[in-house]
1. For residues that are surrounded by 13 or more Cβ atoms within 10 Å (Cβ to Cβ) and either of a type in the set (A, V, I, L, M, F, W, C) or free of Cβ contacts under 8 Å to residues at least 24 places away in the same chain (or both), tally how many sit in the range 150-175.
2. So ARG180 passes all but one of these: (1) within 20 Å of the chain's Cα centre (by Cα); (2) over 25 Å from ALA120 (Cβ atoms); (3) of a type in the set (D, E, K, R). Which condition number does it fail?
3. Quick check on ALA147: is it buried (at least 20 other Cβ atoms within 10 Å of the Cβ), closer than 20 Å to VAL93 by Cα and either in contact with a Gly (Cβ under 7 Å, 6 or more places away or on another chain) or of a type outside the set (Val, Ile, Thr) (or both)?
4. Out of (1) over 24 Å from ILE36 (Cβ atoms); (2) part of a strand (DSSP E or B), what's the single condition that is false for LEU325?
5. If I go through the range 311-325 residue by residue, how many of them are more than 23 Å from ARG30 (Cα to Cα) and either of a type in the set (S, T, N, Q) or surrounded by fewer than 24 Cβ atoms within 10 Å (Cβ to Cβ) (or both)?
6. With respect to ARG146, determine if the residue is modelled with pLDDT of 95 or more, closer than 25 Å to VAL107 by Cβ and not in a loop (DSSP other than H, G, I, E, B).
7. Give me the pairs, please: first residue somewhere in the range 123-144 and closer than 13 Å to LYS253 by Cβ, second residue anywhere and among the basic types (Lys, Arg) and surrounded by fewer than 22 Cβ atoms within 10 Å (Cβ to Cβ), beta-carbon distance under 9 Å, and either six or more positions apart or on two chains.
8. Within the range 333-378, count every residue that is under 15 Å from LEU86 (Cα atoms), in contact with a Ser or Thr (Cβ under 9 Å, 6 or more places away or on another chain) and among the polar types (S, T, N, Q).
Amino acid sequence: MSLSAAHNIHDLRRLAQRRLPKVAWDYLERGAEDDITMTANRVALERILFRPRTLVDVSARSLRHTLFGKTYTAPFGIAPTGAAGLYCHDADVALARAAATAGVPFVLSTASFVAMERVAQQAAGSKWFQLYMSKDRDAAERLVKRALAAGFEALVVTTDVPVGANREYNLRNGFTIPFRINARNVVDGLLHPRWLTQVFLRTLLTDGVPRFRNVDSEEGGRIVSKDLSAFRARRDALDWSDIVWLRKIWPHKLLVKGILVAEDARLALAHGADGVVVSNHGGRQLDGARAAIDALPEIVDAVGGKIAVLFDSGVRRGADIVKALALGADFVFFGRATLYGASVGGEAGVVRALELLRSETDRVMALIGCTCVTDLGRQFLERPDSV
């Protein structure tokens, strides 16, 4: 199947599964522990039904939408995805370029195989930086200053990772970053020659062993490679005072990601955030956490339009995007969907994923009788107060 023959994200997913070795596929596709929350995200989205209006002139409909004073061609963007370089060479550059082509924002993860400066240099468009931080404010400040100098427009602080998730499949597969080669991974790679040559070996030859480039540091005039351990140290000691501190050193838009209850949304507002991201990390952190879409309405109501409310977790269809917007989200983000595309066709695959979601979103808008994003509301959903 070619990219043009992929008619939805599920088609891209099936292609990606065939092309990726198990170690990479499991890291992309699985959640935490028993995948309860990851599954709940999809179930919760699918149980929301539309209440379409008919005989509405939708011929002049538009998906253009403004967030933080900037107008995008669609009300969605690419969420931060760690270790994206497992899925195509220089994946973070490919993702950023595809987002620029589509006219939507891209969020770069701290856990990127490509340094933020190179992503900024090689990709146009609107780029935000996602920050993993610990109580080590010196390390955090270095990252924040680099993001500021590189021209990133917003800082997205992920807060739902006080400790690492229990992802047992990574242990079984021998998955580590920096990537360590073992007998199992060698066999797995040989069984997937396209991935081995076009992704892993190409990365190895051009950039060295895959590792998280944004957590490198300079010591004695040379670059020292580190894993995320320095940024995990004392991460369980973070509190809202750290958001206040970040607010003082970051002059642009500041968002708090990982919000699932109304009280935390109100605290984010009180401590200077410009927005929150309603997210359960795609089901990859706390297994048994509520579905993100179930949390969305109460959070929208809690902040009362005083700050932006963004949404991610579980999005696979344009219908999911419309449902989140109708429940009050100002913008919607997704990660796995575009990584499926990257796995299949690099930058072109990401462009295809974005095209598919845009087309579906536009079609659903027409079919429910809505001409613009700002007109979406709970009146278009079946029993929205119950979700």
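1. Residues in the range 150-175 being surrounded by 13 or more Cβ atoms within 10 Å (Cβ to Cβ) and either of a type in the set (A, V, I, L, M, F, W, C) or free of Cβ contacts under 8 Å to residues at least 24 places away in the same chain (or both): 9 in total.
2. Tallying (1) within 20 Å of the chain's Cα centre (by Cα); (2) over 25 Å from ALA120 (Cβ atoms); (3) of a type in the set (D, E, K, R), ARG180 fails exactly one: (1).
3. yes
4. The failed condition is (2).
5. Qualifying residue count, the range 311-325: 0.
6. When the stated conditions are applied, ARG146 passes them.
7. SER126/LYS70; TRP128/LYS253; PHE129/ARG146
8. 1
The values are calculated or read from the model by the stated rules, or taken from the named source; none is laboratory data. No experiment lies behind these values; they were computed from the predicted model shown. FYI the Cβ positions are ideal-geometry reconstructions off the backbone, even for glycines, and counts take in every protein chain you see.
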